[in-house]
Amino acid sequence: MTLSQKQKQYLMEFFRILAVILIALALGFLITLLVSEEPVQAFKELLTGPLPKISWTEAGLKIRGINRFGNWLEDSITLILVGLAVAVVFRAKQFSLGAEGQIYLGALAAGIISLHTSAPAFIHITLALLAAAGAGFVWGLIPGILKAYVNADEIVSTLMLNVIAVQIYRLLLIQWLRNPDYGYIATDFFPETAVLPLVIPGTRVTIALFLTIIAVVATWFLMTRTPLGYEIRVVGDNLKFARYGGINTRRVIALSMAVSGILAGLAGAHLSMGILKQLTLNISFGIGFEGIVVALLARNDPKAVPLAGLFYGYLRTGAQIMERSSDVTREVVLIIQAIIIILITAERVLPLIQQWRMRRKLPQELSADHSEAAHVA
Amino acid sequence: MPPFVEMRDIVKIYPNGVVANRGVHFSVEKGEIHALVGENGAGKTTLMKILYGMEHPTAGQIFLEGRPVRIQNPHQAIDLGIGMVHQNFMLIPSFTIAQNIVLGQEPRRGRFIDFEAAARLTTELSQTYGLQVDPQARVEATPVGMRQRVEILKTLYRGANLLILDEPTAVLTPQETADLFRAVRRLVAEGKTVIFITHKLVEVKQIADRVTVMRHGEVTGEALRTADVSEADIAQLMVGRKVLFRIEKPPQQRGPAVAQVRDLSYISETGRPLLREVSFNVYAGEILGIAGVEGNGQTELAEVLSGLKPPTTGQALVNGRPVLGKGPRQVRQAGVAHIPEDRLTNGVALDASIADNLVVDRYFRPPFTRRGVMYPRLIRRHARDLMHRFDIRAASEESPVKSLSGGNMQKVIVAREFSSEPALLIAAQPTRGIDIGAAEFVRQQLVQKRNEGKAVLLISADLAEVMSLADRIAVMFKGRIVGIFQNGPDITEEELGLYMLGLKQQSPDEIETLQ
Ligand SMILES: Nc1ncnc2c1ncn2[C@@H]1O[C@H](COP(=O)(O)OP(=O)(O)OP(=O)(O)O)[C@@H](O)[C@H]1O
Ligand SMILES: [Mg+2]
């Protein structure tokens, strides 16, 4: 089998990431050895915890731990959506950190539509999702316009808009949306017509799974098969070149942030309409920032985001399980996560490995490629 | 006695599989000026980066005065007395010149950087070697010629005995080149050794003692005495065939005015008037050459006309459509193409693929985009086609532009702008930094456009180039056009020089008649 240059590069990249993960896990195990009484057991929880345990009994096929498996997928869905959102803005070299706020407003918009309108299921869900996407879009467009037209630094503006978004969310929730009869601050549960239908029984994995797959394909399509995607890439690669080529860079900057907001808004809808089925005081627990990790792992490539999201989700879920069922604390797990991320995002590893490979296969390569180079030892 | 520097059997294969050096042997004697020449992509820069520790050879050895050395990084190279000035400068724009020169080895007073000492050291150094710089000026506000002197001083400050200059003259005016050569001779007189990469064979004969010629990653002429070889010999070793130095230009078929520029003025953000009431026409089927010492408004003229900068006042029509202040997209749609002078900032996106770079002005049109959907396959095919037509050498059309040699990058720009079928082509320094073969090609293409009845505005610091290509020549001085001439045998370099230096000027009436 002969592989094209590009396939070879992908393969290299894949093996590199695999190697890095193994190294990081080995380091993680060393750390576990230091802090745990029963390191093997603890580590096993981290590595296999999120998987369902399938066994044969007299009664037939038996599956245990489906809820853990569900946790993994649920978390991965959020991570993938937010990861896509971050990948889009980062590709345009706009360091927008606004996903967190967009998640909140997406959830809020979805919640308002769910609770205060009624319609048949399909339409109700569609409306709520559109509202979430729209809220995210607007909350991305604002810092986008500020950046594009008055050159307001997007890191600062998005972080501030996050705070505003959370406060708007809480204001509306506490003043207007909450059900005062509950002992905690939360809305009613959403009506059946506005809850995302379940896909895997025994979990909270809903049709958000399919929506996420569509979102991945759509984002990939946007970035590689549409003029806007091309513009986003060129703006990210060299703003001056984009301008010289006639691209309306302001529009592209603003839109890149707004499109990103759509995806984050949908993540908010997944959290409210799929997971919680109501609005509560805290819904995201900072997952908007975890999306940055996913995007980095995926090198801002939408194709790679699902894998990165599933991987990172697995690690997070495994970590929770390990924390719950062994004597290893969450901090240790966070250290392991951090090691993995640092190793994977370190750019210099790949060239070194390639240089080394090159040197090994030097003689054949040269003679095959150029006969006059025979004097090369 | 062993040579000062010797590189033996150097092989370099880049991670993407490009073999840039195939068993190169290169040696330099102490105290000489050694020219290194070769086509774009021949592997000159790569070889020098290996010597400077920026790239690691896949195989081969380096000897300094007979001792084998391993140079892992530029730090070690500097410790060994090797300094390099890159093809693309690497200064910090917002720092002053003195700060840049001492960067990393700052003189200190207590725990703080001693800026006064830095400035003093800079002045001393600059006087010792006759390289004039203004220590307090910010790099971003200084012309290229000075930036280059800063780069050279920077390496000298670090104690370099061997200086590698990668295409230093590509960005210089003839005057600045003469200054640089004077400084280089002085360096050699002080006991330094200089390796000098260039595409200009005249310079090889002028300044170098010996020359090494490379082609396709191999040495085709090793350390030849420049006294013993002719320019034509070197050219043949470089290209592998005979090179035409003269361009065939059929008699002109001049058509109507394609571009009409009237009273164009431009005042920079800092309030300096850079263009003053510039008026001219460019006619179909002609090349209008703009000559002038660099920094007299030529750059701004190109940037304003192509929509990169808004004009302060004035008008310009292309095919009867007003184009000023419209932004690059509209200007391009009016039929203007632009080869920008500052190619790395404006002309390409280094991290993007060649294919993506070649469609930046047309990606939104069929066949690349239809009903909102873009077709990467067609963009790649388009790239393969242009790479073939313009002889762009790269591993594939998906290679990032940053992996190309300097000349091939320029060809990417040339390919895109020529293939956009413009009515008016603005070419700013189109052959800067490209090898003689490629320069010959670009010049032929410019003439070809003219023969097809297109209008070409050629801005070049290379007076010989302007004189050999242009039908008419306009000279700019301090933002004004001070003379327009019908090109012909009676136009001499000396005469144009007088205008370029502002010593002579035509009357407004004369200029008007020749507009
Ligand atoms: N970082 C890189 N990665 C991959 N390939 C590279 C890289 N740098 C250079 N190359 C390739 O190596 C070859 C030699 O390039 P190099 O820059 O040494 O040429 P050069 O002789 O300096 O040319 P020029 O006169 O155009 O500057 C070219 O084919 C180029 O595309
Ligand atoms: Mg080079």
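The values are calculated or read from the model by the stated rules, or taken from the named source; none is laboratory data. The structure displayed is predicted, hence computed values, not measured ones. Heads up, the Cβs are rebuilt from the backbone with ideal geometry, glycines too, and the neighbour counts pull from every protein chain shown. Remember, those area values only see protein heavy atoms, side chains included, never the ligands or the DNA or RNA. Shrake-Rupley method; radii C 1.70, N 1.55, O 1.52, S 1.80 Å.
Some observations on this one:
- Descending principal axes extents, segment B:249-288, alpha-carbon based, whole Å: 45, 19, 11
- Each DSSP beta bridge with both residues in the protein assembly as shown is either parallel or antiparallel, and the antiparallel ones are about 60%.
- Listing of segment B:308-330 residues, each with accessible area lower by at least 10 Å² in the full protein assembly than in the chain alone (probe 1.4 Å): B:Leu308, B:Pro328, B:Arg329
- Taking the Cα centre of chain B as origin and assigning +1 to Lys and Arg Cβ atoms and -1 to Asp and Glu Cβ atoms, the resulting dipole is close to 1480 debye.
- For segment B:381-458: Kirkwood Rh in Å [reciprocal of mean 1/r, alpha carbons]: 12.9 Å
- Rounded to two decimals, the Cα radius of gyration of segment B:310-444 over 2.2 N^0.38 Å is 1.08.
- log10 of Debye I(q)/I(0), alpha-carbon scatterers only, for segment B:59-203 at 0.09, 0.15 Å⁻¹: -0.29, -0.78
- Between segment B:331-390 and segment B:60-136, the Cα center-to-center distance that results, in Å: 39 Å
- In a reduced charge model with +1 at each Lys and Arg Cβ and -1 at each Asp and Glu Cβ, segment B:1-118 shows a dipole moment near 260 debye about its Cα centre.
- Nonpolar atom fraction for chain A, defined as the carbon and sulfur part of the 1.4 Å probe accessible area, stands at 68 percent.
- Alpha-carbon Debye profile of segment B:1-109, log10 I(q)/I(0) at 0.13, 0.14 Å⁻¹: -0.57, -0.65
- Between A:Ile155 and B:Arg384, the modelled label-to-label distance comes to 4.3 nm, taking each label 7 Å out from Cα in the direction of the beta carbon.
- Over chain B, relative contact order from alpha-carbon pairs under 8 Å, at least 6 apart, %: 15 percent
- Accessible surface computed residue by residue for chain A, with neighbouring protein chains in place and a 1.4 Å probe, gives 47 Å² per residue.
- Each Lys and Arg contributes +1 and each Asp and Glu -1, all at the Cβ; summed about the Cα centre of segment B:5-239, the dipole is approximately 460 debye.
- Considering helices alone, the calculated mean residue ellipticity of the protein assembly as shown at 222 nm is -15000 deg cm²/dmol, with DSSP H runs of length four and up weighted by -39500 (n - 2.57) and normalised per residue.
- Centre separation in Å (Cα based) which lies between segment B:174-249 and segment A:306-342: 61 Å
- On the basis of the beta-carbon distance and an R0 of 60 Å, A:Trp176 and B:Thr123 show a calculated FRET efficiency of 0.25.
- Accessible solvent surface per residue of chain B, calculated while the other protein chains remain in place, 1.4 angstrom probe, Å²: 41 Å²
- Antiparallel bridges, percent of DSSP beta bridges restricted to segment B:5-239 (to nearest 5): 55 percent
- In chain A the Cα-Cα distances spread across 10 Å bins starting at 0 as 5, 20, 27, 25, 15, 6, 2, 1, 0 percent of all pairs.
- Across segment B:5-239, Cα pairs under 8 Å and at least six residues apart give a relative contact order of 28 percent.
- Solvent-accessible area lost in complex, 10 Å² minimum, residues of segment B:1-34 relative to chain alone, 1.4 Å: B:Asp9, B:Val11, B:Lys12, B:Ile13, B:Pro15, B:Asn16, B:Gly17, B:Val19, B:Arg22, B:Gly23
- Spatially proximal lysines relative to B:Lys449 (Cα-Cα < 28 Å; intrachain offsets below 8 disregarded): A:Lys240, B:Lys200, B:Lys242, B:Lys249, B:Lys309, B:Lys326, B:Lys411
- Computed from the alpha carbon positions, the gyration tensor of chain B leads to an equivalent ellipsoid with semi-axes of 38, 28, 23 Å, biggest first.
- Segment A:183-192 - phi-based ³J(HN,Hα) in whole Hz, Karplus 6.51/-1.76/1.60, Gly and Pro as x: x, 10, 7, 6, 7, 4, 5, 5, x, 3
- Residues A:Asp188, A:Asp237, B:Asp435, ordered by accessible area of protein heavy atoms at a 1.4 angstrom probe radius and largest first, appear as A:Asp188, A:Asp237, B:Asp435.
- Pairwise Cα distances in segment A:99-171 exceed 22 Å in 29 percent of cases.
- Potential lengthening between A:Phe189 and A:Thr117 on full extension [0.36 nm per residue; Cα-Cα distance subtracted]: 24.5 nm
- Principal semi-axes in Å for the protein assembly as shown [√(5λ), Cα gyration tensor, largest first]: 56, 36, 26
- Principal-axis tilt of helix B:174-189 within chain B, Cα atoms, nearest 10 degrees: 0 degrees
- Pairwise centroid distance, computed over Cα atoms, of segment B:140-161 with segment A:161-181, Å: 59 Å
- Remark: relative contact order (segment A:75-173) = 35 percent; criterion is Cα-Cα distance under 8 angstrom and separation of 6 or more residues.
- Förster radius 22 Å - calculated FRET efficiency between A:Ser325 and A:Leu34, Cβ distance, rounded to 0.05: 0.70
- Across segment B:1-42, the residues whose backbone nitrogen lies under 12 Å from the label position 7 Å along the beta-carbon direction of B:Phe63 are B:1-9, B:26-28.
- Computed over the alpha-carbon atoms, segment B:370-499 gives an Rg to Rh ratio of 1.06, Rh here being the Kirkwood radius from the mean inverse distance.
- Cα→Cβ-extended label distance, 7 Å offset, between B:Ala189 and B:Thr270, nm: 3.3 nm
- Residues of type lysines that B:Lys504 reaches as a straight line, Cα spacing below 20 Å, ignoring anything fewer than 8 places off in the same chain: B:Lys478
- Calculated diffusion of segment B:117-257, Stokes-Einstein form, Kirkwood radius summed over Cα pairs, 25 °C and 0.890 mPa s, µm²/s: 140 µm²/s
- Within segment B:222-362, the proportion of Cα pairs with more than 28 Å between them is 41 percent.
- Space enclosed by the convex hull of the alpha-carbon atoms of segment B:257-514, per residue, Å³: 128 Å³
- Cubic angstrom per residue, convex hull over Cα atoms of segment A:32-74: 84 Å³
- Ranked order, A:Arg170, B:Arg254, B:Arg120 - accessible area, probe 1.4 Å, largest first: B:Arg120, B:Arg254, A:Arg170
- Summing both sides, the accessible surface hidden between A and B at a 1.4 Å probe radius is close to 3300 Å².
- Computed in the context of the full set of protein chains, the accessible area of segment B:257-514 at 1.4 Å probe radius has 48% of its extent on carbon or sulfur.
- Calculated FRET efficiency for the pair A:Ile168/B:Arg370, C-beta based, R₀ 30 Å, to 0.05: 0.10
- Label-to-label distance for B:His75 and B:Gln136 is 3.5 nm, based on points extended 7 Å past Cα in the beta-carbon direction.
- Solvent-accessible area of A:Val234, all protein chains in place: 0 Å² (probe radius 1.4 Å, heavy atoms, ligands and nucleic acids excluded).
- Per-residue extension of 0.36 nm, minus the Cα-Cα distance of B:Arg111 and B:Gln515, leaves a gain of 139.2 nm for this segment.
- A:Ile253, A:Ile145, A:Ile342, reordered so the largest accessible area comes first (probe 1.4 Å): A:Ile342, A:Ile145, A:Ile253
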